[in-house]
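Please treat every number below as a calculation from the coordinates, not as lab data. Treat the numbers as computed from the prediction; the structure is a model and nothing was measured. Quick reminder, even Gly has a Cβ in these numbers, built from the backbone with ideal geometry, and neighbours come from all protein chains shown.
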Amino acid sequence: MVQCYSFCFLFLLFLHNISFSESLKSGFSVELIHRDSPKSPFYRPTETHFQRVQNAVLRSIHRANYSRLDHDVETTVTPSTGDFLMKYSVGTPPFQIFGVVDTGSSTVWMQCQPCKNCYKQDRPIFDPSKSSTYTRIPCVAAECLSVTTTFCDFNKGKHCAYKIGYGDGSISKGDFSRDTVTLTSSSENRPIRLLRTAIGCGHDNVGTFDREHSGIVGLGRGPFSLASQLRPDTGGTFSYCFTPMFEGEIKPSFLHFGDRAEVTVKTAVPTPMVINNEASFKYYLVMEAMTVGSKRIEFPRNGGEGNILLDSGTTLSFLPDEVYSALEAEMVNAVNLVRTDSPIKKLKLCYELTSGRKYQIPTVFAHFKGGAVVELHSINTFLKVSETKICLAFAPRPKAVFGNVAQQDILVSYDTQHNTVTFLNTDCTSEL
């Protein structure tokens with residue numbers, strides 16, 4: 001099935017003809033809502049800043065604990081641990097949805113009426129019978145034949161169905177359908193209508209889903225992710241730039257598509273995306289080494305496959321044991337602070353902050369295949385977990401993950417046509 005993706009996707013583009021209602025040659029941007037932002041349905045005003053930090057770390061560990069490679073699993077983690085949401089609308093007239101954005105998932109789905117076996121959702125649930133543009137995909141359509149998560153449901157008049165399983169046992173299943181998806185361009189404040197978008201209309205959704213959101217917005221490599229379905233109009237390029245998430249007020253972050261997603265700085269070097277045959281819908285890269293000061297820490301290779309997952313939904317970064325141990329040792333040598341116990345068990349290296357005492361965190365250089373080098377500053381490597389403590393935002397784990405703390409103030413651009421990712425250190429708040 002992995003080998004079919006490129007051919008099947010091109011075939012789908014010919015048959016499916018997803019189109020914009022207006023020209024978007026220059027691309028567009030939409031706001032990403034961090035789950036701890038006051039704009040988020042997850043926001044709890046009674047939580048302290050450091051409670052939110054701790055919750056983010058625990059979500060990250062929970063996500064990593066359920067990570068596994070499985071041909072039959074759409075995404076290999078828990079379905080509700082993403083840190084960013086997107087507000088969009090489905091149907092005609094438009095019905096507003098909050099979806100969890102996940103680069104580790106390749107389907108867009110939401111809860112739908114009738115919802116007899118669904119998780120409790122705070123917001124109203126979409127009723128497809130009230131949308132004049134909603135249609136169920138027939139079994140004979142190419143969309144129903146190209147991936148393992150879609151199949152023919154003969155009990156419903158030969159219409160296509162989908163079933164997505166998650167690493168923690170959660171399941172979403174229902175009708176595989178088409179409808180109009182409407183996004184709001186943050187720069188022009190105008191609606192962007194995506195006609196006949198393939199979307200899962202979930203009537204049976206059970207597991208660890210959060211009641212605050214309506215479903216998942218997949219941005220993965222599969223043919224039915226939002227990024228892939230936009231490819232005919234955007235050239236397959238999208239990017240994001242995460243503003244600092246745990247330092248004072250959370251500023252908006254943005255998801256860019258098309259020309260606006262491109263990195264135009266000539267010194268920025270792309271690194272190839274590598275297909276992991278057991279998780280082909282995810283974005284894997286090859287990290288060659290990490291450098292701290294004069295110490296170069298070599299990263300173990302994984303044959304011809306990627307050795308680190310680029311993940312927007314994981315807070316921490318995870319490294320193989322030997323890499324983590326070497327990184328921790330170099331930090332211990334370089335940071336002139338007193339070590340202390342962590343208030344969060346899984347964070348191993350923490351320091352006590354003393355009022356008036358100056359300290360420096362060394363810059364870590366992440367070296368990727370192809371010559372790409374990413375500078376990781378203190379905002380990328382340490383989290384302030386209390387008023388007087390900071391902890392290294394990395395943890396040991398067999399499967400490496402490059403999480404979103406490490407991606408703060410870095411423009412991350414995905415070119416799915418040329419299969420590359422480009423990193424550019426920048427001030428993400430300058431986009432505001």
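Some values worked out for this structure:
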read-out	value
For the chain, the Rg and Dmax computed from alpha carbons only, in angstrom	21.3, 72
In order through segment 339-348: 3J(HN,Hα) via Karplus (6.51 cos²θ - 1.76 cosθ + 1.60), integer Hz, x for Gly, Pro	5, 8, 6, 8, x, 10, 4, 6, 8, 8
Modelled FRET efficiency - R0 51 Å, Q417 with T388, Cβ distances, 0.05 increments	0.60
Ellipticity estimate at 222 nm from DSSP helix runs (n ≥ 4, -39,500 (n - 2.57)) divided over the chain, nearest 500	-3500 deg cm²/dmol
Mean-position separation - Cα centroids, segment 215-285 and segment 379-430, in angstrom	14 Å
Within straight-line cross-link reach of K173, lysines at Cα separation under 23 Å, skipping those fewer than 8 residues along the same chain	K87, K116, K120, K130, K156, K158, K163, K282
Segment 224-316: equivalent-ellipsoid semi-axes (sqrt of 5 x gyration tensor eigenvalues, Cα, Å)	25, 21, 15
Derived scalar couplings ³J(HN,Hα) [segment 209-220; Karplus, 6.51 cos²θ - 1.76 cosθ + 1.60; whole Hz; x for Gly, Pro]	6, 8, 5, 7, 10, 9, x, 10, 10, x, 10, x
Kirkwood-type radius of segment 264-431, with distances r between different C-alpha atoms, in Å	16.7 Å
Using a Förster distance of 25 Å, the FRET efficiency for T429-T363 (Cβ separation, nearest 0.05)	0.80
Summed side-chain charge close to L194 - residues other than L194 whose Cβ falls under 10 Å, Lys, Arg +1, Asp, Glu -1	0
Phi to ³J(HN,Hα) by Karplus 6.51 cos²θ - 1.76 cosθ + 1.60 over segment 84-91, Hz, x for Gly, Pro	10, 10, 10, 9, 8, 10, 10, x
Modelled FRET efficiency - R0 45 Å, S132 with T291, Cβ distances, 0.05 increments	0.20
Nitroxide proxy distance, nm - points 7 Å out along Cα→Cβ at D259 and A334	4.0 nm
Sequence-distant residues sharing a close amide H with T315 (under 5 Å, placed H)	S60, N404
Sum of side-chain charges, V421 neighbourhood, beta-carbon under 13 Å (Lys, Arg +1; Asp, Glu -1)	0
